[in-house]
Amino acid sequence: MKFDAPHLEYSQLAPLLIVLGVATIGVLVEAAVPRTQRYAVQVGLAIAGTVAAIADTIWVFNKLHPWSGEAKPGRIVAESALTLDGPAIFCWILVLVFSLLSILLFAERRLEGGVTAFAGQAAALPGTEAEREASTRGLEHTEVFPLLMFAVAGMMIFPAANDLITMFVGLEVLSLPLYLLCGLARRRRLLSQEAALKYFMLGAFSSGFFVYGMALVYGYAGSMQFDKIAFAVSAGSGSHALLLGGMGMLLVGLLFKVGAAPFQAWVPDVYQGAPTSVTAFMAAGTKVAAFGALFRLFYVAFGGARWDWMPVAWGVAILTMVVGSVMALSQTDVKRLLAYSSVAHAGFMMTAFLGARSLADIGPGEIQPVQAVLFYLTTYGLTNLAAFAIVTLVRDPSGEATSMSAWTGLGKHSPLVAGIFSFLLLGLAGIPLTSGFTGKWAVFTSAASAGAWPVVIVAVLGSAAAAFFYVRIIVLMFFTDPVGETSVAIPSVMTSSVIAIGAAGTLVLGVVPGPLLDLLGRVAEFVR
C-alpha cells in the first residue's frame with residue numbers, strides 16, 4: 001500500500017508550532033526542573049516563546065499582506081486543514097499579544113506576598129491541612145504557563161480552521177486548559193472550583209451541540225471542508241432541514257464561546273470565580289478566537305444561506321445587548337459587572353456580523369464587517385486586560401477586594417489608579433477620544449450600511465445604559481467617602497506594564513485609529 005507523506009508548510013505554520021513546542025517543553029520542565037527553579041524557567045520560556053511567535057507571525061503577515069502595497073491572497077495550508085489569510089493571521093497577532101500581556105499577569109508575585117495568585121496545591125481540598133501546608137511552604141502551580149500556551153494554540157487554530165473537524169479540535173484545545181485554570185485561584189478556593197465546574201459542564205454541553213451540528217452539515221454537504229459546504233449551499237443540494245439544523249447547532253456552540261445571550265449564563269460566575277489574571281486572558285483572547293471562527297464559518301461556508309441565519313443573528317445581537325446592559329445595572333461586584341459588560345460587548349460585535357453581504361455591495365470607503373470587528377476586538381482586548389489588571393491591585397485584609405463597596409473613595413487615597421481605571425471604563429462605555437468610541441462607530445456603521453439600522457438603534461440605547469453603570473463606579477471612587485480597610489497594592493513592573501500598554505492603546509486607538517483601520521480594510525477578506 002502506497003503512503004503519501006502529508007505536506008506541511010512549516011515556514012507559514014511556524015508561529016503555531018512554536019507555541020505548541022513551548023507548551024510541550026513546559027510540561028517537561030515540570031518533570032525535570034527542581035521546584036524552586038520552575039517559576040523562573042516557565043516564565044522565561046513562555047515569554048521568549050510568545051515573543052518569537054509574534055515576530056514570526058508578523059513575518060508571515062507581511063509575506064501575504066505587506067504593510068505597504070497590495071495585499072496578496074491568503075493560502076490554504078496543512079493539507080487543507082488551515083487557512084492563512086488576513087483575518088486569520090491578524091487574529092493570531094492579537095491572541096499572541098494578549099497572551100504575552102496575560103503571561104505578565106500570571107507571573108505577578110508581589111501582590112500575594114511572594115507567590116503567584118494560583119493555588120499551591122490544586123488537588124488539596126479547601127480548608128484541609130494539605131492546603132494549609134502548601135500555602136505555608138509557598139508552593140506554586142507553575143503548570144499554569146504550559147496550560148496557557150496550550151490554550152493559545154487552540155485560539156490560533158480556531159479562527160484559521162478550514163474544515164469543521166479542525167475547528168472542533170481548536171475549540172477543545174483552547175477550552176480544556178481554561179477549565180483547569182479557572183479552578184486554580186489561591187484565595188476563595190470554593191468559588192474558583194465552582195466556576196471551573198460550571199464552565200466545564202456547560203462547555204461540554206455546548207461542544208455536544210457543535211458536534212451534532214457537524215454531523216448534520218456533513219449529512220447535507222457530504223464534506224466537512226468549508227469550500228465544499230459553500231458549494232453545496234449555493235447549489236441547493238441536500239435536505240434544507242439538515243442545513244438549518246446543522247447551522248443552528250453550530251451556532252449554539254460558537255455563541256457559547258462568544259458569551260452571547262441566551263448562552264451567557266456561565267460568564268458572570270466564571271469571570272468572578274476564576275483567578276483575575278485568567279479572567280483577563282479569557283476576556284481578551286477567547287473573544288478573538290471565537291469571533292474569528294464565527295465569522296469564518298458563517299461567511300465562508302454558510303455565506304450563501306445568509307438569509308436563513310440572518311434573522312437569528314438579529315435576535316441574538318439584540319438579546320445579548322439588552323441582557324448584558326440590563327443585568328450589569330444591578331451588580332455589586334466589579335468582576336461580575338465587567339462580566340456582564342463583556343456580554344454587552346459581544347452583542348455590539350454581533351452587530352458587525354449583521355453586515356454580511358457580497359463585497360460587490362460594499363462601496364468604496366465603507367467599513368467592512370470583518371474590518372470593523374477586528375478593530376473592535378483589538379480595542380476591547382487591550383482595555384479589558386488593563387482593567388482586570390487594576391482589579392488585582394485593590395486589596396483588603398482577605399486579598400482582592402472586588403465588592404463595589406470596597407472601591408468607595410478609592411480616588412481619594414489612590415488617584416492615579418482610580419483615574420486610569422476611570423479612563424478605561426470610559427473607553428468601555430464608548431466615550432469619544434477613546435478606542436471604544438471608534439470601535440463602536442465601526443461596527444455600527446457596518447451594520448447600518450447593510451440595512452440593520454433597527455439593531456443599531458438598540459445598540460446605541462444599550463451603549464447609553466452601559467454608560468450609566470460605568471459612571472456609577474467612577475462616582476463611587478471619586479465622590480463617596482472611603483469605607484473599610486481597602487488599599488491599593490504596589491505591583492511589580494509586569495502588572496504595571498500591562499496597565500500602561502492597555503491604557504496607552506485605549507488612548508492612541510481612540511485619537512489616531514486611521515492607520516489600523518486602513519490596514520484592516522486591506523486584509524479583511526477571507527480566502528474562499
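Taking the condition among the polar types (S, T, N, Q), touching a residue at least 12 places away in the same chain (Cβ under 8 Å) and surrounded by fewer than 24 Cβ atoms within 10 Å (Cβ to Cβ), does Thr379 pass?
Taking the combined requirement at face value, the residue does not satisfy it.
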Q: Identify the residue in segment 76-107 that is aliphatic (A, V, I, L, M) and touching a Gly at 6+ places or on another chain (Cβ under 6 Å) and, among all such residues, is modelled with the highest pLDDT.
A: Val95
Q: Could you please let me know if Asp481 is part of a helix (DSSP H, G or I), of a type in the set (Asp, Glu) and surrounded by fewer than 19 Cβ atoms within 10 Å (Cβ to Cβ)?
A: no
**Q.** Selection within segment 310-350 - closer than 12 Å to Pro268 by Cβ, polar (S, T, N, Q) and crowded, with 24+ Cβ neighbours inside 10 Å
**A.** Ser341, Ser342
Q.
Tally up the residues in segment 114-141 that are small (Gly, Ala, Ser), part of a helix (DSSP H, G or I) and touching a Gly at 6+ places or on another chain (Cβ under 8 Å), please.
A. 2
Q) Going by the conditions given, is Leu519 crowded, with 17+ Cβ neighbours inside 10 Å, among the aliphatic types (A, V, I, L, M) and under 23 Å from the mean Cα position of the chain (by Cα)? A) yes
Q. Does at least one position in segment 35-42 carry a residue that is without any contact (Cβ under 8 Å) to a residue 60 or more places away in the chain, surrounded by 23 or more Cβ atoms within 10 Å (Cβ to Cβ) and of a type in the set (Val, Ile, Thr)?
A. no
Q: Give the number of residues within segment 224-273 that are in a helix (DSSP H, G or I), hydroxyl-bearing (Ser, Thr, Tyr) and more than 25 Å from Ala81 (Cα to Cα).
A: 1
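Please find, within segment 187-197, the residue that is farthest from the chain's Cα centre (by Cα) out of those that are crowded, with 17+ Cβ neighbours inside 10 Å and assigned to a helix (DSSP H, G or I).
Taking segment 187-197 as the starting set, the residues that turn out to be crowded, with 17+ Cβ neighbours inside 10 Å are 188-189, 192-196.
Among the residues that remain, those that are also assigned to a helix (DSSP H, G or I) are: 189, 192-196.
Numbers: Arg189: 24, Ser192: 20, Gln193: 21, Glu194: 21, Ala195: 18, Ala196: 17 Å.
This residue is Arg189.
Select the helices (runs of 4 or more DSSP H) contained entirely in segment 1-113, then report the ones holding at least 2 residues which are closer than 30 Å to Leu164 by Cβ and charged (D, E, K, R).
The qualifying helices (runs of 4 or more DSSP H) are 35-64.
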Q: Answer yes or no as to whether Ile420 is without any contact (Cβ under 8 Å) to a residue 60 or more places away in the chain, over 23 Å from Val270 (Cα atoms), of a type in the set (A, V, I, L, M, F, W, C) and not in a strand (DSSP E or B).
A: no
Q: Considering every residue within segment 428-445, establish whether at least one is crowded, with 23+ Cβ neighbours inside 10 Å, modelled with pLDDT under 90 and part of a helix (DSSP H, G or I).
A: no
Q: Among what's in segment 462-489 and is hydrophobic (A, V, I, L, M, F, W, C) and touching a Gly at 6+ places or on another chain (Cβ under 9 Å), pick the residue that is modelled with the lowest pLDDT.
A: Val483
Q: Of the conditions (1) surrounded by 23 or more Cβ atoms within 10 Å (Cβ to Cβ); (2) under 18 Å from Val300 (Cβ atoms); (3) among the small types (Gly, Ala, Ser), Ser102 clears all except one; give me its number.
A: (2)
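May I ask you to verify whether Phe205 is crowded, with 19+ Cβ neighbours inside 10 Å and under 27 Å from the mean Cα position of the chain (by Cα)?
So Phe205 fails the test.
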(Q) Please verify whether Gly304 is touching a His at 6+ places or on another chain (Cβ under 9 Å) and either of a type outside the set (S, T, N, Q) or in a loop (DSSP other than H, G, I, E, B) (or both), treating the condition exactly as stated. (A) no
Q. Within segment 449-464, which residues are buried (at least 17 other Cβ atoms within 10 Å of the Cβ) and over 22 Å from the mean Cα position of the chain (by Cα)?
A. Ser449, Ala450, Ala452, Val455, Val456, Val458
Q. Would a scan of segment 142-153 turn up a residue that is farther than 30 Å from Met224 by Cα and assigned to a loop (DSSP other than H, G, I, E, B)?
A. yes
Q. So which of Ala387, Ala406 ends up being touching a Gly at 6+ places or on another chain (Cβ under 9 Å), modelled with pLDDT of 90 or more and not β-branched (Val, Ile, Thr)?
A. Ala387
Q) If you go through segment 46-75 one residue at a time, how many are modelled with pLDDT of 95 or more and surrounded by fewer than 20 Cβ atoms within 10 Å (Cβ to Cβ)? A) 6
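The values are calculated or read from the model by the stated rules, or taken from the named source; none is laboratory data. Everything numeric in this text was worked out from a predicted model, so none of it was measured. Please note: Cβ atoms are built from the backbone with ideal geometry, for glycine as well, and neighbour counts cover all protein chains shown.
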